Amino acid sequence: MRRRLLALVCVSASLLTGCGVMSDSAAERRTVTVWLMQHSASQDFLDRFTEEFEREHETLDLDIRIQEWTGIGDKVQQALRGKDPDGPDVIEVGNTQVSAYAESDGLLDLTLESMRDWGRDDWLPGLAEPGRWGSQQYGVPWYAANRVVVYRKDLFRAAGVTPPETRDEWLEITERLDTGDTQGIYLAGQDWYTLAGFIWEEGGELATERDGVWKGALDSEAALRGMDFYRRLQQLGDGPVDADEEHPPQAGVFADGNVAQIVAVPGLVRAVVQQNPELEDKIGYFPVPGKVAGRPGAVFTGGSDLVVPANTDAEDAAVEVVAALTGARWNTDLARTMNYVPNKADLADAVAGEEGLEAMAAGAARGRATPATPRWSVVEADNPIKEYMTEVLSGADPEKEAERAARRITETLAFE
């Protein structure tokens, strides 16, 4: 709104002085404060971006302040409510966090710029969709990361199998790999992000919304098919049914050398190789297979969006920063520097030649995010999906457990 008002002021002033003449005060340098999260971008990238941006915007200075993920939610909410002149003008937030900040009217509506200038329709859906609240775009996709299948090339060769193209083939080769001391796959029983992808691939949902009311949807036939596929795959290894992928950390399990596959982001391989350097040249990657050959399966897409606080006093400058960071030039630079997926599928060539990144980019084209309700974080905090998975993998009736979990999700999402 302020930009529109400034435009009207400029038109009025031009009748007297002409807007083509800049006053001394208008030419003064301004500082744009940007909050970015730790490890999202290297210092070298930030230095290069800052130097180039300030050279192209002679009246703007960037003040990039690195934040910790721990406690960032409360810190962002305070910044959105405050009037601190040193507060942020641009903030990096997790893609699934945008709705919580937009709900309180704390973010600038960037729908116009997104549609007119930034190619919103081409953004990865797993980043673009959670960046919306209602029909308005508040979060602008910056980078993405998603799970792929990390596998042992030597174990595949020994078993006479190659990376599968469909989920049915995936089950077949995993069963062949699961022999002797070798686990066909290590899949923890509570890896609910991986389950979410299987549910979406079947056409199901974790929760659905109608007329503003959210309901759990794990009890749908499609969601039950997704859970059944998870069960069939998970039993082709020795993953614990009552723990997630971090208990124990699956990087360590894979590094032990007796696992043919895990489902993880490619970056996890750094930890694997640190623990077992002999595996460095034995590891390969392929997208999580879908039901149909030639189309990767649906996956959960994590990553970050950039938002602009509604209370910024540097609105135009903040929008310029967002445009630059999320535009093709710097977005592909970031992807190459940090091993991310760019924010548009047609920028995937930027990571060509890197096997893990190519697999991740292929999967990201069918990426999804968790339900776009601010209360989803409450669901995750007391996660009934994990309990549901453990019960089913332990032999309980899937339909009854799904109904119980769906009911708990509905109750949590409805609570005010």
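Tabulated results
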{"quantity": "For segment 262-276, 3J(HN,Hα) per residue [Karplus equation, 6.51 cos²θ - 1.76 cosθ + 1.60, θ = phi - 60°, Hz, x = Gly/Pro]", "calculated": "9, 10, 6, 6, x, x, 5, 5, 4, 5, 4, 5, 4, 7, 9"}
{"quantity": "Long-range Cα-Cα pairs in the chain (distance over 29 Å), rounded percent", "calculated": "49"}
{"quantity": "Alpha carbon convex hull of segment 275-416, volume per residue in cubic angstrom", "calculated": "205"}
{"quantity": "Whole-Hz couplings from phi, Karplus 6.51/-1.76/1.60, listed for segment 214-230; x for Gly and Pro", "calculated": "9, 9, x, 10, 5, 8, 6, 4, 5, 5, 5, 5, x, 5, 5, 5, 4"}
{"quantity": "Gyration tensor verdict on segment 30-125 (Cα atoms; rounded if a/c is under 1.5, prolate if a/b is larger than b/c, oblate otherwise)", "calculated": "rounded"}
{"quantity": "Cα gyration tensor shape of segment 171-266, rounded if a/c is under 1.5, else prolate or oblate by comparing a/b with b/c", "calculated": "prolate"}
{"quantity": "Antiparallel DSSP beta bridges within the chain, percent to nearest 5", "calculated": "65"}
{"quantity": "Cβ-based charge dipole, segment 45-177, positive-most Cα from GLN67, THR111, PRO85", "calculated": "GLN67"}
{"quantity": "Probe 1.4 Å, all protein chains present, accessible-area order of TRP133, TRP142, TRP330, largest first", "calculated": "TRP133, TRP330, TRP142"}
{"quantity": "Sequence-distant residues sharing a close amide H with ALA298 (under 5 Å, placed H)", "calculated": "GLU201"}
{"quantity": "Length-normalised contact order for the chain - Cα pairs under 8 Å, 6+ apart - percent", "calculated": "24"}
{"quantity": "Mean Cα-pair separation over length for segment 243-347, i.e. relative contact order, pairs under 8 Å, 6 or more apart, %", "calculated": "13"}
{"quantity": "Stokes-Einstein D (µm²/s) once Rh is taken as the Kirkwood radius of segment 162-217 over alpha-carbon pairs, at 4 °C in 1.567 mPa s", "calculated": "94"}
{"quantity": "TYR143 long-range amide H proximity, modeled H, under 5 Å", "calculated": "SER304"}
{"quantity": "Semi-axis lengths (Å, descending) of the ellipsoid that matches the C-alpha gyration tensor of segment 205-323", "calculated": "34, 26, 15"}
{"quantity": "Solvent-accessible area of MET389 with every protein chain in place, 1.4 Å probe, in Å² to the nearest 10", "calculated": "0"}
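The values are calculated or read from the model by the stated rules, or taken from the named source; none is laboratory data. Values in this document were obtained by computation on a predicted structure and should not be read as measured data. Neighbour counts run over all protein chains shown; Cβ positions are idealised from the backbone, glycine included. Side chains included, ligands, DNA and RNA excluded: accessible areas come from the protein's heavy atoms. Shrake-Rupley method; radii C 1.70, N 1.55, O 1.52, S 1.80 Å.
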